[in-house]
Amino acid sequence: MKPDFISPATTMGFRQALLAHYDRAARDLPWRRDRDPYRILVSEFMLQQTRVETVVKYYDPWLERFPSLLALAEASEDEVLKAWEGLGYYRRARNLHQAARIIVESHSGSVPTDLEALRALPGVGEYTTGAVASIAFDVPTPAVDGNVRRVLARFFDEERPDPAWLRRVAREILSRDRPGDWNQALMELGATVCKPRSPRCDRCPVSRWCSAYALGTVDERPASPPRREIKKSVVTLAVFHCRGEVFLQRRPESGLLAGLWAFPEYGHEIVSSYAVHLGLSPMGKPTALPPVEHRFTHLHVRYVPTMLEVDRDERVGGVGERGRWVGLDGLEDLALPVAQRKVFESCLKHLK
DNA sequence: CTCCGGGTTT
DNA sequence: AAACCCGGAG
């Protein structure tokens with residue numbers, strides 16, 4: 001049903017019942033303790049592509065490290081990435097950092113209330129604009145995330161909700177009185193009741209108005225598009241160690257794990273030749289470490305690490321600007337992608 | 001183990 | 001359209 005017309009009775013019932021449910025059942029989440037725009041902004045960046053339970057573990061430490069927009073703006077990128085380590089989608093951390101700097105420089109240090117100014121910040125798209133504006137500033141504007149999309153598709157039995165349909169419907173049913181709570185209530189319903197799989201319609205406060213529930217199509221709304229094929233690849237990593245340190249390289253500024261530290265990848269040559277290529281002197285025989293499997297969105301990588309003790313001539317340098325040696329106990333201070341950390345841990349195990 | 005979910009940018 | 005990350009669910 002494409003609701004050209006949504007009956008006022010449905011709208012009113014939906015709003016009243018869902019807000020009442022939210023008042024009763026809203027989870028006590030750390031970013032709901034107040035309406036500080038900076039804190040809302042941080043939570044929304046972290047919540048992009050990431051579940052609430054994961055974000056909860058990072059949120060308070062982040063605010064302790066960067067208690068204000070200004071503190072964040074003044075931090076170095078390395079500090080920011082370190083605090084983000086493990087959350088994934090590291091571009092979000094850079095975007096948040098940049099956004100803080102822009103807000104300090106161009107908006108007098110206050111998160112802009114204006115929708116267009118918000119939308120112009122790096123890492124802030126349509127959803128985040130609506131979420132921050134409605135939650136922090138009570139602006140009556142929708143915030144359609146994946147949860148809301150699913151809830152609305154089911155409520156109106158829309159098989160393929162496109163962005164224009166979603167915008168229109170979300171705007172029409174939006175509570176004018178409590179837009180921030182309303183948007184959060186919709187998302188919360190999607191996260192806790194109207195879940196992608198095994199939805200709990202028996203516990204749903206709005207099932208009596210839900211079209212898919214009435215029609216028995218809940219499990220098919222919204223229809224999921226066919227998945228793209230996931231490519232598989234094998235990457236050989238060199239784990240050079242020397243006097244209690246290992247060698248890391250900063251990855252290129254674009255592409256996979258852009259700008260993060262990682263063990264160097266080498267191609268089809270043998271690892272000793274690669275060491276020589278970097279100006280290092282192989283000291284013993286290479287040792288194969290167990291492969292580490294890691295899944296990215298579009299890629300399934302099997303990392304095959306080979307460990308090799310080397311000597312390095314301080315006068316030569318050799319390893320280039322993008323390389324650095326890090327003590328085996330000094331990696332805690334470095335932002336390292338999860339797969340690289342796994343490689344590092346198996347290397348540690350081997351060395352002791 | 002495999003599958004799946006989720007916003008923004010380019 | 002494709003790229004980007006991790007962890008929970010089944």
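The values are calculated or read from the model by the stated rules, or taken from the named source; none is laboratory data. Model, not experiment: these values are computed from the prediction. As a convention, Cβ positions derive from the backbone with ideal geometry for all residues, glycine included, and neighbour counts pool all protein chains shown. Just so you know, the surface numbers come from the protein's heavy atoms only, side chains and all, with ligands and any DNA or RNA stripped out. Shrake-Rupley method; radii C 1.70, N 1.55, O 1.52, S 1.80 Å.
Here are some notes:
- Quotient of Cα Rg and 2.2 N^0.38 Å for region A:79-152, N being how many residues it contains: 1.19
- In region A:239-283, one over the average inverse separation of all distinct C-alpha pairs is 11.6 Å, which is the Kirkwood hydrodynamic radius.
- Applying D = kT/(6 pi eta Rh) to region A:253-352, where Rh is the Kirkwood radius over alpha-carbon pairs, T corresponds to 20 °C and eta to 1.002 mPa s, the Stokes-Einstein value obtained is 144 µm²/s.
- Compactness of region A:1-96 was expressed as the Cα radius of gyration divided by 2.2 N^0.38 Å, which yields 1.43.
- Dipole magnitude (debye, nearest 20) for chain A, charges at Cβ of Lys, Arg, Asp, Glu: 1040 debye
- With the gyration tensor restricted to C-alpha atoms of region A:114-245, the semi-axes of the equivalent ellipsoid amount to 35, 24, 15 Å, longest first.
- When the residues A:108, A:68 are ordered by accessible surface, computed with a 1.4 Å probe over the protein chains alone, the sequence from largest down reads A:108, A:68.
- Exceeding the 29 Å Cα-Cα cut-off - candidates A:57/A:342; A:195/A:349; A:231/A:285; A:195/A:342: A:195/A:349; A:231/A:285; A:195/A:342
- Here the Gaussian network model covers chain A, with springs between Cα atoms less than 10 Å apart; of A:125, A:86, A:255, A:255 fluctuates the most.
- All Cα pairs of chain A, percent lying beyond 33 Å: 43 percent
- For chain A, share of DSSP beta bridges that run antiparallel, in % to the nearest 5: 65 percent
- Potential extension, residue A:324-residue A:177 segment - 0.36 nm per residue separation minus Cα distance: 47.4 nm
- With the simple spin-label model, which puts each label point 7 Å out from Cα in the Cβ direction, the residue A:295 to residue A:269 separation comes to 3.5 nm.
- Modelled label positions at residue A:253 and residue A:192, each set 7 Å beyond Cα in the direction of Cβ, lie 4.5 nm from each other.
- Cα-based helix-to-principal-axis angle, A:126-137 vs chain A, degrees rounded to 10: 70 degrees
- In chain A, excluding the sites themselves, the longest stretch lacking any of the GluC sites (Glu not before Pro) that are in a DSSP loop with at most 15 other Cβ atoms within 10 Å is A:1-158.
- Inter-part distance where region A:65-121 and region A:282-304 are each reduced to a Cα centre, Å: 34 Å
- Residue-by-residue Karplus 3J(HN,Hα) for region A:28-44, coefficients 6.51, -1.76, 1.60, Hz, glycine and proline x: 7, 9, x, 7, 9, 6, 7, 10, 5, x, 4, 5, 5, 4, 4, 4, 5
- Dipole magnitude of region A:1-98, debye to nearest 20 (Cβ charges: Lys/Arg +1, Asp/Glu -1, about Cα centre): 400 debye
- Percent of C-alpha pairs per 5 Å bin, region A:43-124, short to long: 3, 15, 27, 26, 19, 9, 1
- Residue A:177 accessible area, assembled protein chains, probe 1.4 Å, Å²: 140 Å²
- Size descriptors for region A:25-70 (Cα atoms only): Rg and Dmax, in that order, 10.2, 34 Å.
- Formal net charge of residues neighbouring residue A:60 (Cβ-Cβ distance under 15 Å; K, R +1; D, E -1): 0
- Restricting the calculation to alpha carbons of region A:51-90 gives Rg and Dmax of 10.2, 28 angstrom.
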